[in-house]
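Reading through the structure tokens given below for one structure.
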Amino acid sequence: MMGPAHSLSGAMAWLGVGAAAAAADHAMPWPVLVAGTLICAGAALAPDLDHKSATISRAFGPFSRILAGVIDKLSSAVYNSTRGPRDRRRTGGHRTLTHTWIWAVLLGAGFSGAAILFGRWAVLFTLFVHMVLAVEGLLWRMARVSSDVLVWLLGGATAWIVAGVLNEPGNGSNWLFTDEPYAWLGLPIVLGAIVHTLGDSITISGCPMLWPLKISGRRWYPLGTPSFMRFRAGAWVENKVLMPAFLVIGAASGVAAGLLMP
């Protein structure tokens, strides 16, 4: 799928988790629901850092373009060194390492660990990166015609405000993990990356999200729906069916989560 659909699906996923958590008597404070929704929307773009033309690869100027090149080479190297007997050798790393659930978990754990170890500045950095990506994904039409600096300023201001609100007593810094402030921060990052892989699995190319499990002689088996149900990224079904569905489901989940809050 394309960036806007990925971001919208990420936001929908965290709002759904919020509704489920509230129904299970572990309701998120509203700042966690809002912050997690934006983080998850941004994180749903992150797996495409292995592609130099992706939204995330352009989002932070030269830094993200250089990082995308490094991730592409790393992904290609991991793919070729671990491929199964039926996996073809590749020169590019798109839809390989960063499109696996192992990568998603490691990425989320890394951000959570940084927040626990380094406190406020790590939290601000995490929020800034994902707020910028959320703007790029959810407000993509406006972001495209705006300057990068304005998007960074909006992301930075949002991150600063959200961090301040979360830091207030009872607003969610200790949600779910009472003894470790902000340990939950990696959860929407993991979820966003997983939702991205599920979105890619319904496109023509599929997605090797279960690497390194061997399936039909392949370590990088592109899992997906039956071929007749798949579509090309950016096709009408994505824009006319899936994105409106994500919006409706996300809105309903958000309302449910709000109504179930104590």
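The values are calculated or read from the model by the stated rules, or taken from the named source; none is laboratory data. A quick note: this is a predicted structure, and the numbers were derived from the prediction, not measured. Ligands, DNA and RNA are stripped out before the accessible areas are found, and what is left, the full protein with its side chains, is counted by its heavy atoms. Shrake-Rupley method; radii C 1.70, N 1.55, O 1.52, S 1.80 Å.
Mean separation of Cα pairs under 8 Å and 6 or more residues apart, divided by the residue count, gives the stretch 1-143 a relative contact order of 29 percent. One quarter of the surface of the convex hull around the alpha-carbon atoms of the chain equals 14.3 nm², the direction-averaged projected area.
In the complete set of protein chains, residue-level accessible area for Lys214 is approximately 110 Å², probe 1.4 angstrom. Considered as an equivalent ellipsoid built on the Cα gyration tensor, the stretch 138-230 has semi-axes of 35, 23, 10 Å, the largest given first.
Based on Cα contacts under 8 Å between residues 6+ apart, the chain shows a relative contact order of 33 percent. In the context of the full protein assembly, Ser9 retains an accessible surface of approximately 0 Å², using a probe radius of 1.4 Å and ignoring ligands and nucleic acids.
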